[in-house]
Amino acid sequence: MAYHAALYVFVFLPACLVVYQAAPQKHRWKVLLGISWLFFYLISGKLIVYLIGTTLLTHYTGIWLALLKEKESRAKEHADRAEKREIKKKYQKQSREVLAIGVVLLLAVLVYLKYYNFFIENASIILDWTALPLPLEAKQMVLPIGISFYTLQAIGYMADVYWGKIRAEENIFRTALFLSFFPQIMEGPICRYADTAGQLFEGKSLAYENISDGYVRIFWGLFKKKVVADRLSVPVCAVFEHYGDYHGAVIAVAAVAYTIQLYMEFSGCMDIVLGSGKLFGICLPENFRQPFCAKSAAEFWRRWHISLGTWFKTYIFYPVSMSGIVKRWNQFGKKHAGKYVTQLGVSAMALFPVWLCNGLWHGARWSYIFYGMYYFALILMGIAVKPGRDRILKVCHIREDAVYWRIIQTGKTWVIIFTGELFFRANGLKAGLSMFGSMFDGFDVGQFWDGTMLNLGLSRADLVIVAAGCIAVAVVGHFREQGGTVNGRLGKAPTPVRWFAYYALIFAVLIFGAYGDGYQAVDLIYAGF
Amino acid sequence: MDKILEILREIDDSVDYEKETELIDGHILDSFGVITLVSELEDEFDISIDAVEMVPANFNSAAAIWEMVKRLQEN
């Protein structure tokens, strides 16, 4: 039962709302936990043990850290300043060890399930050269759905308790709900305890506005997924699965089509997720903010999969930037290498682990590692050329906020994004490189109108529907970029206009959704990560 | 406080730091700007800024940065 399934939208969610509202307010969070575990059991069966194990480990690591903090404050009560410093040092060391145990255990499970076979595969290639036998064999691994998301959320919780940003949760079932809230368990967003826990435990009564806003958002997500993304899946599969048969403009079109498919699918799923939360009065954090308006690769990642980027920034980028080795380099660099080289070095040291983890997080494939390194190189290059670029803009009197300059920058960013997604979707790094090369082989602009694009599985009518869907999404994005929401505007519109828009959305999903002959049901892409 | 304004102006001199209260929330200072700022603050005020301090509330305005620096100097 995925989020875009009729069973989820029309049966599961309404049933949950009834049970939730029927429960007394102080017990509603328990109902949410029961529903969340039931949902996880329905999609993952006995793999729920991993979720329960993660909950136990996360909760008790939090409690252990809280106990150490308590002991530290008691020890500091009658100490002088020097003693306090020593006490702080002692307990900081102990807390760091406890945090390390929790993080390492959580990551060990994730790494074993996700990367074991990748390691075996590559180790055997290396050992083949040296003629040494490999005592390990590849195994059939079953990855629990959502493990990459809830593991990061659990690590974030433990780190926040360690840093003292939040108090450790004392009730294990509340920790369990924070980690397993059913709308976000499959694809995120990766939430922070300080942002969502309070709302989860509040047990707000159902409200007409929340249900109406929630269901409109859910249908908007279904529109993106069923009308645009699933339709685009047809040509994308045709080209990426048989890339040897295509070259030139077709490969470029496939890369663009996949980028749109992925955006419509993932952001559409987030609309369903956020809409589902909204039904219960719970506001989960936004995961997308008009990414195609970005004017650089760095800005794109501040607008795309925001919760993952924020997680990496908070728990990898900043801690690495503040680590001893980076600080030592900073001191050394300022004395011996100059400000520019020092800052470039700091950026490289802090960004490398972020982008390596970003690539690996998506899966155990060299193409994902390449994808991470691609953005690492581009963002670092952006930092390296910034002083020179700023000087050129000044000399040439080019204003960064000029419309023509923004269009050029956005266009450049689109090329970067489409190229990245080509490698991301390709069946391996070798296939990605081959596709990238064949894009320049016999590139013929005439292929755009000579009917070639109609041989990829979509009819002219399909292409019109996709284009109309993209325009609708772009218009909504434009309103959001201006600081408003379409839902907010609709809320102020006369009742007949509002209901016409709602019905139009529902019927668009039902009539123009990619169902039936010629289309295949497409699983949620990010649920596989 | 004047020293903080000076450091901030070295990073980007197009902002009115005496009035601005959304340096982070308004995306005026990006992560790299914050890292540069942290490094300069550590040198100038002989303090150590840990990752735990990296929250918008500590960097949203020159006054907030000054409060953080004073707190860390006292510890």
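For the reader, a short list of remarks on this structure follows.
- Residue-level check: of (1) modelled with pLDDT of 90 or more; (2) buried (at least 18 other Cβ atoms within 10 Å of the Cβ); (3) not β-branched (Val, Ile, Thr), A:Asn330 misses just (1).
- Pairs meeting the criteria (first residue in region A:18-45 and among the charged types (D, E, K, R), second residue assigned to a helix (DSSP H, G or I), beta carbons under 6 Å, at least 6 apart or on different chains) are A:Arg28/A:Tyr20.
- Of all the listed residues (A:Ala384, A:Ala426), the sole one being in contact (Cβ under 8 Å) with a residue 12 or more places away in the chain, touching a helix residue (DSSP H, G or I) at 6+ places or on another chain (Cβ under 7 Å) and within 14 Å of chain B (Cβ to nearest Cβ) is A:Ala384.
Condition check ((1) aliphatic (A, V, I, L, M); (2) surrounded by fewer than 16 Cβ atoms within 10 Å (Cβ to Cβ); (3) more than 12 Å from the chain's Cα centre (by Cα)) across all residues:
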| residue | (1), (2), (3) |
| --- | --- |
| B:Met1 | yes, yes, no |
| B:Arg9 | no, yes, no |
| B:Asp16 | no, yes, yes |
| B:Leu23 | yes, no, no |
| B:Val38 | yes, no, no |
| B:Asp43 | no, yes, yes |
| B:Ser61 | no, no, no |
| B:Ala64 | yes, no, no |
| B:Arg71 | no, yes, yes |
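- Conditions (1) more than 18 Å from B:Ala57 (Cα to Cα); (2) at pLDDT below 85; (3) of a type in the set (D, E, K, R): number failed by B:Asp30: (1)
- Just one of the numbered conditions (1) surrounded by fewer than 20 Cβ atoms within 10 Å (Cβ to Cβ); (2) within 11 Å of chain A (Cβ to nearest Cβ); (3) part of a helix (DSSP H, G or I) is not true of B:Phe32: (1).
Conditions tested, residue by residue: (1) in contact with a strand residue (DSSP E or B) (Cβ under 6 Å, 6 or more places away or on another chain); (2) of a type outside the set (A, V, I, L, M, F, W, C); (3) surrounded by 16 or more Cβ atoms within 10 Å (Cβ to Cβ).
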site	(1), (2), (3)
A:Arg425	no, yes, yes
A:Lys430	no, yes, no
A:Ser438	no, yes, yes
A:Trp449	no, no, no
A:Ala467	no, no, no
A:Ala474	no, no, no
A:Gly483	no, yes, no
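- Some residue of region A:350-357 being within 28 Å of the chain's Cα centre (by Cα), away from every other protein chain (no Cβ under 13 Å) and touching a residue at least 40 places away in the same chain (Cβ under 8 Å): yes
- Residue list for region B:16-44, restricted to those being within 12 Å of B:Ile65 (Cα to Cα) and aromatic (Phe, Trp, Tyr): B:Tyr17
- Wholly enclosed helices (runs of 4 or more DSSP H) of region A:163-275 bearing at least 2 residues of a type in the set (Gly, Ala, Ser) and under 30 Å from A:Gly451 (Cα atoms): A:230-241
- Those residues of region A:300-338 which are at the interface with chain B (Cβ under 9 Å from one of its Cβ atoms) and among the charged types (D, E, K, R), in sequence order: A:Arg302, A:Lys313, A:Lys327, A:Lys334
- A:Ala294 within 14 Å of another protein chain (Cβ to nearest Cβ), in contact (Cβ under 8 Å) with a residue 60 or more places away in the chain and more than 25 Å from A:Leu99 (Cβ to Cβ): yes
- Residue that is surrounded by the fewest Cβ atoms within 10 Å (Cβ to Cβ), among those in region B:45-59 that are assigned to a loop (DSSP other than H, G, I, E, B) and within 8 Å of another protein chain (Cβ to nearest Cβ): B:Asp50
- Unique residue being in the same structural domain as A:Lys46 (by TED's automatic domain parsing), surrounded by fewer than 20 Cβ atoms within 10 Å (Cβ to Cβ) and acidic (Asp, Glu) when the list is A:Glu169, A:Glu121: A:Glu121
- The helices (runs of 4 or more DSSP H) found entirely in region A:286-327 that carry 2 or more residues being under 13 Å from the mean Cα position of the chain (by Cα) and modelled with pLDDT of 90 or more are A:297-303, A:306-312.
- Residue in region B:9-17 that is within 11 Å of chain A (Cβ to nearest Cβ), in contact with a Pro (Cβ under 9 Å, 6 or more places away or on another chain) and in a loop (DSSP other than H, G, I, E, B) present: no
- Of all the numbered requirements in (1) among the aliphatic types (A, V, I, L, M); (2) in contact with a helix residue (DSSP H, G or I) (Cβ under 9 Å, 6 or more places away or on another chain); (3) surrounded by fewer than 24 Cβ atoms within 10 Å (Cβ to Cβ), A:Ile218 misses one, and that requirement is (3).
- Residue list for region A:401-410, filter: surrounded by 11 or more Cβ atoms within 10 Å (Cβ to Cβ) and either of a type in the set (Gly, Ala, Ser) or free of Cβ contacts under 8 Å to residues at least 60 places away in the same chain (or both): A:Ala402, A:Trp405, A:Ile407, A:Ile408
- Filter pass, A:Tyr112 being free of Cβ contacts under 8 Å to residues at least 40 places away in the same chain, within 30 Å of A:Ser367 (Cβ to Cβ) and either surrounded by 17 or more Cβ atoms within 10 Å (Cβ to Cβ) or under 27 Å from the mean Cα position of the chain (by Cα) (or both): yes
- Region A:457-486 residues that are without any contact (Cβ under 8 Å) to a residue 40 or more places away in the chain, paired with ones that are among the aromatic types (Phe, Trp, Tyr) (beta carbon under 6 Å, 6 or more apart): A:Val486/A:Phe479
The values are calculated or read from the model by the stated rules, or taken from the named source; none is laboratory data. Please read all numbers here as calculations on a predicted model, not as lab measurements. Note that each Cβ is placed from the backbone with ideal geometry, even for glycine, and that neighbours are counted across all protein chains shown.
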